[in-house]
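First comes the structure, then the notes that go with it.
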Amino acid sequence: MSSFKAALFSTQLVVIATLFVVVAGVAIATPVAVNTPPDAPTIDPPRPDDPTNDDTPQFFFRATDDHPEFGIAFFCRIDGGSYSACSNGDTFGPLLEESHTFQVFARDGAGSDSSPADFTWFVDLTNPVASIDSGPLDPTNSPDASFTISGTDNHSASEDLTFHCQLDFGPWQPCLSTSPVEYFGLDEGSHIIAVYATDEARNVSDPVFYEWLIDTTAPVITVDDFVIGGPDSYVFGTWATGSVRLQEWTCVDPNNPIASGVTSSNLPGHGRTITDDGVYKLSQFLKPGDPFFCVDAAGNQAVISDTQSQIILVDRHAPTCNVEPLSQYIPENNPADNGARHLAKFKVARQDGNIDKKGITVVLESVVGPGTVQGMHIGTFDKQGKFEGVPGGIYFVTYRVTDEAGWTSTCTGKVQVARN
Ligand SMILES: [Ca+2]
Ligand SMILES: [Ca+2]
Ligand SMILES: [Ca+2]
Ligand SMILES: [Ca+2]
């Protein structure tokens with residue numbers, strides 16, 4: 001104790017003794033020295049979290065003394081530096097990112113110092129780093145997704161980090177589990193999750209993202225090597241060799257054509273020799289045990305079923321026809337009908353092997369005879385002709401039939417016009 005403090009201390013004791021005399025009414029010859037140092041201060045909450053990301057912490061403290069009426073002063077220091085006067089509720093810092101120790105002691109009015117109280121904590125100003133270490137395949141045909149996530153930090157152990165997750169830009173929520181993070185029953189389409197980590201000092205990481213595509217729709221097979229002959233059939237128009245080789249079909253993924261990609265076909269070995277015209281289903285060109293030839297990037301396989309409207313019409317023969325006159329003997333001057341019936345009627349039968357004859361068109365190509373026939377229109381399908389006023393004789397009526405593949409042929413029927 002300095003000489004100055006010692007003198008002050010003596011004076012204070014005299015005052016105390018004098019007070020005692022007045023109260024007791026008894027003369028005391030010798031002042032009694034009654035003073036003890038303050039107790040070590042109590043550092044009250046809220047103390048800094050350990051660790052904290054607050055680099056300017058505030059401290060609250062108090063101390064008790066046997067003579068608080070003479071005042072209690074406090075002295076504080078950080079990390080073993082010089083003590084300086086401080087007050088309850090003072091703020092210290094800014095502090096560097098490291099471990100710190102705060103110390104405070106109390107001094108009573110007589111100059112007696114308490115032992116110091118101290119508090120040690122860590123100031124962590126560095127954000128953790130989050131990572132998504134694994135996720136679903138992209139694309140995938142699974143509606144469920146599982147992710148493993150992790151994080152690192154300068155101070156907090158990995159297992160002490162907490163994580164928040166966000167699915168498809170929805171609300172941020174605590175990840176239901178640290179790892180794996182799982183979602184079930186998601187809709188088809190693009191998805192994205194974001195994850196951030198929080199360290200024990202409440203520093204948060206930048207979010208990390210994982211995007212993937214759920215594609216549960218099978219691709220569709222289209223055959224490029226065939227000319228479309230109808231809404232549900234293909235006509236092979238350039239038939240040359242008598243064999244079909246399905247090597248130019250493509251696999252198109254309608255729902256996600258770009259994102260998921262397409263594994264196109266062009267696999268050899270799926271050819272098949274066809275000797276007969278007819279309608280074939282695409283599935284007939286597959287052989288048992290063949291590797292499937294049309295699968296999208298998510299693993300969905302195109303399904304060729306017999307109910308699918310993917311059929312191939314193979315037609316390498318011209319249709320045939322024959323004209324069957326229903327009435328060919330036309331009396332020119334028949335009193336019975338008063339000259340009114342001068343019609344020749346025809347039926348044009350047509351065949352195209354085992355190809356459906358409904359696709360065959362029929363047109364009148366020519367009428368050849370000793371005179372010009374009225375009412376027969378070249379280029380249209382006239383089933384009947386008006387032979388009024390024509391010279392008698394043999395007339396040849398020729399029809400042309402054309403199938404959907406473009407093959408064509410003609411047939412001719414004979415009409416005899418007689419005169420009485
Ligand atoms: Ca004291
Ligand atoms: Ca940190
Ligand atoms: Ca698909
Ligand atoms: Ca044909």
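The values are calculated or read from the model by the stated rules, or taken from the named source; none is laboratory data. These figures come from a predicted structure and were not determined experimentally. Neighbour counts run over all protein chains shown; Cβ positions are idealised from the backbone, glycine included.
Among the residues making up the range 35-64, those that are within 16 Å of ligand 1 (Cβ to nearest atom) and not in a strand (DSSP E or B) are 35, 36, 37, 38, 39, 40, 41, 63, 64. State the number of residues belonging to the range 138-175 that are touching a helix residue (DSSP H, G or I) at 6+ places or on another chain (Cβ under 8 Å) and either within 16 Å of ligand 3 (Cβ to nearest atom) or farther than 28 Å from residue 50 by Cα (or both). The total comes to 0.
Of the candidates 126, 198, 162, 148, the single residue that is within 16 Å of ligand 2 (Cβ to nearest atom) and surrounded by fewer than 17 Cβ atoms within 10 Å (Cβ to Cβ) is 126.
What is the residue count in the range 67-99 for residues that are surrounded by 14 or more Cβ atoms within 10 Å (Cβ to Cβ) and touching a residue at least 40 places away in the same chain (Cβ under 8 Å)? Here the count works out to 4. Considering only the range 4-20, I want to know if a residue exists there that is at pLDDT below 50 and either assigned to a loop (DSSP other than H, G, I, E, B) or assigned by TED's automatic domain parsing to the domain that holds residue 109 (or both). Within the range 4-20 (the criterion being at pLDDT below 50 and either assigned to a loop (DSSP other than H, G, I, E, B) or assigned by TED's automatic domain parsing to the domain that holds residue 109 (or both)), the answer is no, since none of the residues qualifies. Screening 126, 120 for residues that are touching a Phe, Trp or Tyr at 6+ places or on another chain (Cβ under 9 Å) and touching a residue at least 40 places away in the same chain (Cβ under 8 Å) leaves exactly one candidate, 120.
Can you spot a residue in the range 388-407 that is among the polar types (S, T, N, Q) and at pLDDT below 80? So far as the range 388-407 goes, no, none of its residues is among the polar types (S, T, N, Q) and at pLDDT below 80.
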